[in-house]
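Here's the structure we're looking at; comments come further down.
What follows draws every value from the coordinates through simple rules; no lab data is involved. Predicted, not measured: the structure shown is a model, and the values here were computed from it. In this analysis, Cβ positions are derived from the backbone assuming ideal geometry, glycine residues included, and neighbour counts consider all displayed protein chains.
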Amino acid sequence: MTTMAVARQPRPLSQILAQWGIVLGIVGAFIGFVVGAQIGEHLVPADANSTGSNAALIIGYVGSAIGFLAGMGFFNYPIARLMGQPRPTEADEAFLYGEEGGWKRYFRLNVDHKAVGMQYLVTIIAFLMLGGLGAMFIRAELLQPEPSFTSAESYLTIVGLHSVIMIFMASAAIIGPLGNYFVPIMIGSRSMAFPRLEALTFWLLPPAALILLSSIFLGGFPTGWTGYAPLADEAVRGMDGYLVAFTLVGISISLSGLNMIATVLTRRAPGLRMTQIPIFVWSVFVTSFLGLLAPPVLLAVLVMEMLDRIGHATFFVPAGGGTPYLWENLFWVFGHPEVYIFILPAFGVMLEMLPVFARKPL
């Protein structure tokens, strides 16, 4: 009886590069920032009001986010399809779903809905701890009437960063980990309707959080989490980080809502009617409509504020014919549904547990 040694097939170059996804993403973010900043300097020359420097920073931030996603490999598939290259093989798909196991799959492009749910969970816990440290710092500063740890301006920045971080993370605290992990399982699906889009909604958050935190080194922002005009127009360059970071989060929420809706409508197991799906799935499904419809208004008002800061658009500047109330009205088209984006999935979780302990059907 003889044993035959099976030669191990060499791993394709694309998979080797994908294993270094997070490293390549960081490199791509650095390159994207440099290129974007150079483009911003040429498009809008600096003037006495630092408009040009704002343009360089904002476009640099956008370039860093695009470079990060490129390094992670999000553009590989669409570019390959546009170039007419063959579709991914079964081995490529298995690698994309992280079927080899191990911790490395959590640091690269992975379209397995369970892995994405775990990525959300760990990231949200980390930033909830960071936001909690900000809350403790705020309380410590309020122990004395006079400034003790920081100046008044820096204190406003800490308050703004704390609130924005908590809003960032709370917006995905249930749908991110539990929705991505459990909804496909509850409806009998192997994956989400758009697996790559699901991974994209998560990997938009790390660059958004880092861009937001970078505002500390640029003077911060005095507006709190709402970013009210005219304070936003008058703020220093740290406000640019707020605008770009909130834009990335808004895109993530909207795409996640679209994906959840498509998944529940099209990926249910045969014979599973909408009236039979669990209440948690219903809560995520309803919330996804809010996530799909509300953030685009937020994205519009954020872009308008960016144009105010770099292009003298004066949407919110009374001297130029604008009004600060326009920001308030448009922002809260997102802000009011946002509280339901927080609470409705949590109600779904509670309503899943209540019948178990009450021993009665819902």
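Could you give the length gained by full extension between Gln85 and Phe289, i.e. 0.36 nm per residue of separation minus their alpha carbon distance, to one decimal place? Don't jump to the answer; show the numbers that get you there.
Numbers: separation 204, 0.36 × 204 = 73.44 nm, distance 3.56 nm.
Answer, rounded to one decimal: 69.9 nm.
Using unit Cβ charges (K, R positive; D, E negative) and no other charged atoms, how large, in debye to the nearest 20, is the dipole of the range 243-358 about its Cα centre?
The calculation lands at about 440 debye.
Given the options Pro147, Pro206, Pro296, which has the most mean-square fluctuation in a GNM of the chain, springs set between C-alpha atoms less than 10 angstrom apart?
It is Pro147.
Along the charge dipole of the chain, Cβ charges K/R +1 and D/E -1, which of Gly188, Phe331, Gly241 sits furthest on the positive end?
Gly188
Quick one: what are the phi-derived ³J(HN,Hα) couplings along the range 86-92, Karplus 6.51/-1.76/1.60 with θ = phi - 60°, whole Hz, x for glycine and proline?
Listing the rounded values in order: x, 5, x, 6, 4, 5, 5 Hz.
Please give the calculated 222 nm ellipticity per residue for the chain, where each DSSP H segment of at least 4 residues contributes -39500 (n - 2.57) and the sum is spread over every residue; nearest 500 deg cm²/dmol?
-22000 deg cm²/dmol
Enumerate the residues in the range 218-262 having an amide nitrogen under 14 Å from the point lying 7 Å beyond the Cα of Val303 toward its Cβ.
It comes to 244, 247-248, 250-251, nothing else.
Calculate the FRET efficiency for Ala319 and Ala152 from the Cβ-Cβ distance with a Förster distance of 30 Å, rounded to the nearest 0.05.
Rounded to the nearest 0.05, the efficiency is 0.65.
Calculate how steeply helix 238-266 sits against the longest principal axis of the alpha-carbon atoms of the chain, using the helix alpha-carbon long axis, and give the answer as 0 to 90 degrees to the nearest 10.
30 degrees
Nothing charged except the Cβ atoms of Lys and Arg (+1) and of Asp and Glu (-1): what's the magnitude of the dipole of the chain about its Cα centre? Round to the nearest 20 debye.
Charge dipole of the chain: 1560 debye, to the nearest 20.
Work out, step by step, the length gained on full extension between Val339 and Val356: first 0.36 nm times the residue separation, then minus their alpha carbon distance; give nm to one decimal.
That works out to 3.4 nm of additional length.
Can you tell me the dipole magnitude for the range 299-362 around its Cα centre, using point charges on the Cβ only (Lys, Arg +1; Asp, Glu -1), in Debye to the nearest 20?
It works out to roughly 340 debye.
With springs only between Cα atoms under 10 Å apart, run a GNM on the chain and tell me which of Ile58, Ile175, Ile79 wobbles the most.
Ile79
I'd like to compare 349-360, 176-187: which one has the highest average count of other Cβ atoms within 10 Å, and what's the full order after that?
176-187, 349-360
Within the range 332-361, name every residue whose backbone N is under 18 Å away from a label modeled 7 Å from Cα of Trp282 along the Cβ vector.
Zone members listed by number: 341, 343-361.
If I fit a long axis through the Cα atoms of helix 205-214 and take the longest principal axis of the Cα atoms of the chain, what angle between them do I get, 0 to 90°, rounded to 10?
Roughly 20 degrees, rounded to the nearest 10.
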